[in-house]
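These notes concern the structure reproduced below.
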Amino acid sequence: MEIVNITKSYDANFVRQVEDESGQIMSQCYQCGNCTAGCPYTFVYDQPVNQIMRLVQAGQKETVLKSKSLWLCATCESCTTRCPNNIDVAHIMDVLRHMARRNGYSPVPTVKSFWDSFLSSVENNGRAFEIGLLVSYIAKTGRFWTDLDLGPKILPKGKMHFTPPNMQGKEEVKKIFNRFREESRK
Amino acid sequence: MSDSLTYAYYPGCSGTGTSIEYDMSTRAICAELGITLTDIPDWSCCGSTPAHTVDHTLSSALSARNLALVEKMDLDTAITPCPSCLTNLKTATHRMEKDVFREKVNNLLDTPYQGGVATKSVLQILVEDMGVKALKDKTVKPLKGLKVAAYYGCIMNRPPEVMNFDDPEHPMAMDNILTALGATVLPFPLKVECCGASFGIPRKDIVMNLSGKLLDAAKDIGADALATACPLCQMNLDLRQDQINSSGGTNYDIPVFYYTQLIGLALGLSEKKLGIDKLCVSPRKVINAIGRDEAS
Ligand code: SF4
Ligand code: SF4
């Protein structure tokens, strides 16, 4: 981990905001490392999860919000389940992702594009439409589908639909997204 | 709990597509066991992981729309086979106990949700409402000789305050059911480890690594098959098993059943009804060996 000069860069507002949005008290973390020990994703993280916790305590807003770890956390709930101080660590990771989004950071663009494609599929169809989602993901990332080998395995099983699901109340679902956007603008 | 086991049923998006055999086998065993499932009319997606990574109010609203529909059905319990849907339904229920949050969520909905619905997994009602003994009594084809590892995935039981079922580190519901049905359930050390979740498309390397470890452990303990309770886990382990083999230089050939399919086989239901033909890694050898004398 790089050395940070906390006297210069401590952002008290950031710490408060994370606590407000997550309902967790950051100072309760005493850096035992249990969360990291159980986190299956440490091998792809730039900052292990206990270091994220430490960096939040130290008010290191930019370093935290730029971190790739936020986008690679699968919300597997292992950290939350095992924290001896009952800190809902996975919830904090979620809240940090929300803040990263709002601040325009997306250091793992493929993951963000995948999630965004999924949500627009839900917004438009009321339910997730897998093939539509893939097409939109490919369009967003410009990456060709790297799973071509799976086609022959899955297509004959009749598990993928080529037309969107037919859901009557899909306008209602669209309205949820629209109202959410209006509320967030306030 | 009423004597007639009747529930509002939430199939979830994958249940109509990539995990159709989970949905088929769930419906088939429930019918056989006298459990009535009434589909939530016009249910919508719970938002899965992507919604809660954007915003908690949005995520809960997507779940709450469905819970409000259940309230209209006059049923008190909604059940789903999918742990990811379950997490969203349960988390929404949990957070909406707070008035301020409930109001924020209801502001996004056409029909507000009052908060009167209990949410459970199909697995939970099988062990708690039906009971392992009742399942055992209905067994016509014991799973004798089948050595299986029960894999729960990461979120079926965690965090315990929200999921409120079984043990967060050593869940036993599937182990107990499969044992009662006559299978040999092996102690599986990774029963709640993450399989790589939905990273298969954006970061395949993660799934290759994490699901690879699960297959490795299953092989190590001598499992003939895995039993799963989650559509994503099943897909990562079964559909991607060849990819895992190529990336890790392995040659696993381990069928990955939904636990409901195994229950169905023990109840004597046809393979067709259970969607056995939808599995990618062929379970033929394993199924044929069930019930055979060990010595032969
Ligand atoms: S497990 Fe809890 S107390 Fe320990 S380092 Fe992680 S967040 Fe801090
Ligand atoms: S929830 Fe995220 S940070 Fe916590 S253990 Fe799981 S992957 Fe790691």
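The values are calculated or read from the model by the stated rules, or taken from the named source; none is laboratory data. Just so it is clear, the structure is predicted and the values come from calculations on it, not from any experiment. All Cβ positions, even for glycine, are placed from backbone atoms using ideal geometry, and neighbour counts span all protein chains on display. What goes into the accessible areas is simple: the full protein's heavy atoms, side chains included, and nothing from ligands, DNA or RNA. Shrake-Rupley method; radii C 1.70, N 1.55, O 1.52, S 1.80 Å.
Couple of notes before you dig in:
- Accessible area ranking (1.4 Å probe, heavy atoms, ligands and nucleic acids excluded), largest first, for B:102, A:185, A:97: A:185, B:102, A:97.
- Relative contact order of chain B, defined on C-alpha pairs under 8 angstrom at six or more residues apart (%): 20
- Computed with a 1.4 angstrom probe on protein heavy atoms, the B-A interface buries about 5200 square angstrom of accessible area in total.
- Note on residue A:68 and residue A:120: their simple-model spin labels are 2.5 nm apart, each label 7 Å out from Cα toward Cβ.
- When only Cα pairs below 8 angstrom with a gap of at least 6 residues are kept, the stretch B:30-106 shows a relative contact order of 32 percent.
- For residue B:253, solvent-accessible area (1.4 Å; no DNA, RNA or ligand), Å²: 110
- Using a probe of 1.4 Å, the accessible surface attributed to residue A:118 totals some 30 Å² when neighbouring protein chains are kept in position.
- Using the rule -39500 (n - 2.57) for each DSSP H run of four or more residues, divided by the residues of chain A, the 222 nm mean residue ellipticity is -16000 deg cm²/dmol.
- Averaged over peptide A:174-180, the number of partner chain Cβ atoms lying within 10 Å of each residue's Cβ comes to 6.
- Counting, for every residue in B:40-50, the Cβ atoms of other protein chains within 10 Å of its Cβ and taking the mean gives 6.
- Counted charge near residue B:264, where neighbours are those whose Cβ lies closer than 14 Å (Asp, Glu -1; Lys, Arg +1): +1
- Helix B:83-95 vs. chain B, principal-axis angle (Cα, 0 to 90°, nearest 10): 30
- Over 32 Å between alpha carbons, listed pairs A:157/B:147; A:61/A:140; A:159/B:104; A:140/A:175; A:68/A:170; A:153/B:219: A:159/B:104; A:68/A:170
- Neighbourhood net charge (11 Å Cβ-Cβ; Lys/Arg +1, Asp/Glu -1) for residue B:287: +2
- Counting charges near residue A:147 (Lys, Arg +1; Asp, Glu -1) among other residues having Cβ under 10 Å from its Cβ returns a value of +2.
- Exposure of residue A:21 as accessible area (Å², to 10), given a probe of 1.4 Å and all protein chains: 70
- With the simple spin-label model, which puts each label point 7 Å out from Cα in the Cβ direction, the residue A:172 to residue A:146 separation comes to 3.9 nm.
- What the protein assembly as shown shows is 41 Å² of accessible area per residue, with the surface traced by a 1.4 Å probe over protein heavy atoms.
- Paramagnetic reach from residue A:37 (point 7 Å along Cα→Cβ, amide N under 16 Å) across the stretch A:53-96: A:78-87
- The mean sequence separation of alpha-carbon pairs under 8 Å and at least six residues apart, normalised by the residue count of the stretch B:161-286, gives a relative contact order of 21 percent.
- Counting only protein chain heavy atoms and rolling a 1.4 Å probe, the accessible areas of A:20, B:129 rank, largest first, as A:20, B:129.
- On Cα atoms only, tilt of A:89-102 relative to the major axis of chain A in degrees: 70
- Cα gyration tensor shape of the stretch B:126-239, rounded if a/c is under 1.5, else prolate or oblate by comparing a/b with b/c: oblate
- 10 Å Cβ neighbours from other chains, averaged over peptide B:187-199: 3
- For the stretch B:210-271, the normalised intensity computed at q = 0.22, 0.24, 0.27 Å⁻¹ comes to -0.87, -0.98, -1.15 (log10 of I(q)/I(0), Debye sum over alpha carbons, equal scatterers, no solvent).
- Carbon plus sulfur fraction of accessible area for the stretch B:241-290, probe 1.4 Å, in percent: 49
- Pairs of C-alpha atoms in the protein assembly as shown farther apart than 34 Å represent 33 percent of all such pairs.
- Shape class of the stretch A:112-173 from the Cα gyration tensor (axes a ≥ b ≥ c, square roots of the eigenvalues): oblate, since a/c reaches 1.5 or more and a/b does not exceed b/c.
- Cysteines, chain A, no other Cys beta-carbon under 4.7 Å: A:29, A:32, A:39, A:73, A:83
- Per-residue ellipticity at 222 nm from helix content only, as computed over chain B with -39500 (n - 2.57) for each DSSP H run of at least four residues, stands at -12500 deg cm²/dmol.
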